[in-house]
Structure formats: C-alpha cells, structure tokens
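Quick notes on the structure that follows.
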Amino acid sequence: NVLQTEMIKTYKELFSAEEDNSLYFTYSGRCNELEVKNLHYQVDTAAQIPWYERLSEFKLPWEMKGNKQTAISKLSLRVRSGQMLAVIGSSGCGKTSLLDIITCRDEGGTMKSGQVLINGTPNTPQLVKKSIAHVRQDDRLLPHLTVRETLSFVAKLRLPTRFTQEQRDQRVDDVIAELRLRQCANTRVGNDYVRGVSGGERRRVSIAVQLLWNPGILILDEPTSGLDSFTAHNLVITLSRLARGNRLVLLSVHQPRSDIFQLFDLVVLLSSGSAVYCGPARDMVPYFTALGHPCPRYCNPSDFYG
Ligand SMILES: Nc1ncnc2c1ncn2[C@@H]1O[C@H](COP(=O)(O)OP(=O)(O)OP(=O)(O)O)[C@@H](O)[C@H]1O
Ligand SMILES: [Mg+2]
C-alpha cells in the first residue's frame, strides 16, 4: 500500500509538472488595446533602385516617378487584451506589411493616411520595443548558438534585473517545455548555410525568444508555416491560452485548418490589401452566406474564402 501511494506520487510529479507550467500565469500588467484606423499604405516598387542607376533615363532625381502600388487600403481594426486576432488571406495580400506597420518596421513604403494606436498613443519605435513582441516571418537568430544558449542569452538581456540566475534558468526551461524543444535543446540553431535544427524547430525557437520576456502584446507573422498540423494546432492552442491569460495576440496565418480557425476570436480576411471581412470568427460563414456565397458543406471556410 505504501509502495502504491509512493508510485502514485512519483507518477503525479512526472506528469503534472508538464501541464501546469508556471509560464502561463496570467499577465499581470495593464490591459492593452491596439487600434488601427483607416490605414492606407503604398509601396513604391521603383524606390528600391538607387537614383544614380536611373540617371541613364536622362531625368533628374525629382522627376523620376515610381510606380506606386497600394499594399493596404482602408483598413480598420481593434483588439483588446484577452483576444486573439488572426489576419488571414492568400500570399501577397499584405499580411506581413500590416504587421510591420504596427511594429514600426515597415521598409520601402509610405503610410498615406491612417493611424496605429497602442493604448491610445500613436506607435513609435520606443513604445513598440517596450510593449510588443514581434515574431517575424523570417527567423533572425545567431546560427552558432544552441537552442538553450540562445534562450539563456536572451534571458540574460531581456529579463528585468530583479530576476536571479535560477529564475532565469527556470524561465528558459519552461519555454523549452512549452514549445516542445526538449529533444533539440542542445543542437545548434543554424541557418541557410549552417546546418542546425529543422525549419519548424527554428520557427519555434523564434517564438520562444519572444515568449521568454512575457510580453503583453504578441505579434506573430505566420507562426504555423512549416509545421505539421499537430504541432501547428498545439502552437495555436498555446497562443490562445496566452490570450486567455489577459494578453493580446495578433497573428497572421496562411489559410488555417478548420480546427485552428475555431480557436480564433476575431478574424480579418484580407484580399489584395483590403479587408473583406473583419469581425468575430464564428460570424464569418453566416456573413458570406448572407451575401450569397455559402460555404460548401465539408469545406474549410478559410480555404474557400481565402
Ligand atoms: N517594400 C516593398 N517594396 C515593394 N513591394 C512591396 C514592399 N512591401 C510589400 N510589397 C508588396 O506588397 C504586397 C504585400 O506583401 P506582403 O509581404 O505583405 O504579403 P503577405 O501577405 O505577407 O504574403 P505571404 O503570405 O506570402 O507572406 C506584395 O505584392 C509585395 O510585393
Ligand atoms: Mg508574409
């Protein structure tokens, strides 16, 4: 009998330690609100060619007109802490551009009109750095560090000074467990030239780097690309748990599967830069049905409308 209780105890320790991870305490900071108002964004495809290369056209620099292309037009949205907003749409519809504008990382384009407000204040690089974690579409990591070294390095730099070394190590372990990076924790990260962890694992390391400092606003650009459906589903469940814990999660996804789609609170469907639908995820199919485009039975709505 004593042996049995002992066994149950060790069993519980083994298996419950994974589940209630201390990382997912609710976010204790203030509530955040992100608002995009009537955004109009243009990219100049000719601006990438330097003016001196174009002198052969016998025009002075100010006479050269680029061909302007509208990347985003008339987009408004609003998200609060506790919600998860997904930006969906086909390739080239402006998802990355939108997320880059929100985090002040837009390059090569101009904002013609509109505003991005974080808690009512217009976004500036300083404000973004303090409050938003941005996981970009391409991974920018140091290729020669292992996964654990990468995370410990970020833990040393990004966590507040009141954290002790044990707490930092604990946080790194939590993040590794949550993103299922255990089996590659001691592998080199690598990049296009240096062989390291797999592509999906590298994506998860990028996400882990941002989760580590426990941000109030989390922006992810295609976090599920390159992952198998099980891992992708689990990742979105993790993100939705983070959102439940009073965080604001904004992600872009490329035609999600229907089980992933169900996890979203709000959805913005973009089509060549303009929002075709913006609102609660569960109202999307009724909305298009009312417009005369019912979703065929047994068909994934995000495949059909995207
Ligand atoms: N700096 C830029 N210079 C020229 N064109 C640009 C620039 N930024 C964006 N674009 C154009 O704007 C459009 C939207 O690009 P964006 O990267 O936002 O697409 P996306 O929705 O993220 O696509 P994907 O799903 O493939 O990542 C594309 O047609 C792209 O060519
Ligand atoms: Mg993109």
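Remarks
- In sequence order, calculated HN-Hα J values of region 237-246 (Karplus, 6.51, -1.76, 1.60; Hz; x Gly/Pro): 4, 4, 5, 6, 5, 4, 5, 4, x, 6
- Phi angles across region 189-204 convert, under the Karplus curve 6.51 cos²θ - 1.76 cosθ + 1.60 with θ = phi - 60°, into 3J(HN,Hα) values of 6, x, 8, 4, 9, 9, 6, x, 5, 6, x, x, 5, 5, 4, 5 Hz, Gly and Pro given as x.
- Of all DSSP beta bridges confined to the chain, the antiparallel ones make up roughly 60%.
- With a cut-off of 15 Å between beta carbons, the residues surrounding H293 carry a summed charge of -1, where Lys and Arg count +1 and Asp and Glu -1.
- Packing-based ranking, highest mean first, of 69-76, 212-219 given that Cβ atoms within 10 Å are counted: 212-219, 69-76
- Local charge for I72 was computed over the other residues whose Cβ lies under 12 Å away, with Lys and Arg +1 and Asp and Glu -1, and equals +1.
- Near S81, the amide H atoms lying under 5 Å from its own belong to N32; only residues 5 or more places off or on other chains count, and H is placed 1.01 Å from N.
- Relative to the dominant Cα principal axis of the chain, helix 2-19 is inclined by about 10°.
- C-alpha long axis of helix 147-158 to longest principal axis of the chain, angle in °: 70
- The chain: C-alpha gyration tensor shape, a/c 1.5 cut-off, then a/b vs b/c: prolate
- Amide proton proximity set for S76, modelled H, under 5 Å, gap of 5+: N38, L39
- Which listed pairs, of K37/K129; K74/K130; K95/K130; K37/K95; K95/K129, have C-alpha distances above 18 Å, in listed order: K37/K129; K74/K130; K95/K130; K95/K129
- Packing-based order for 94-102, 195-203, 155-163, 281-289, using average beta carbon neighbours within 10 Å, highest first: 94-102, 195-203, 281-289, 155-163
- Mean accessible surface per residue for region 119-160, computed with a 1.4 Å probe while every protein chain stays in place, in Å²: 60
- Of the solvent-accessible surface of the chain, computed with a 1.4 Å probe over protein heavy atoms with every protein chain present, carbon and sulfur atoms account for 52 percent.
- DSSP beta bridges in region 166-306 [antiparallel fraction, %, rounded to 5]: 55
The values are calculated or read from the model by the stated rules, or taken from the named source; none is laboratory data. Here the structure is a predicted model, which means the values were calculated and not measured. As a convention, Cβ positions derive from the backbone with ideal geometry for all residues, glycine included, and neighbour counts pool all protein chains shown. Note: accessible area is taken over every heavy atom of the protein model, side chains too, but ligands, DNA and RNA are not part of it. Shrake-Rupley method; radii C 1.70, N 1.55, O 1.52, S 1.80 Å.
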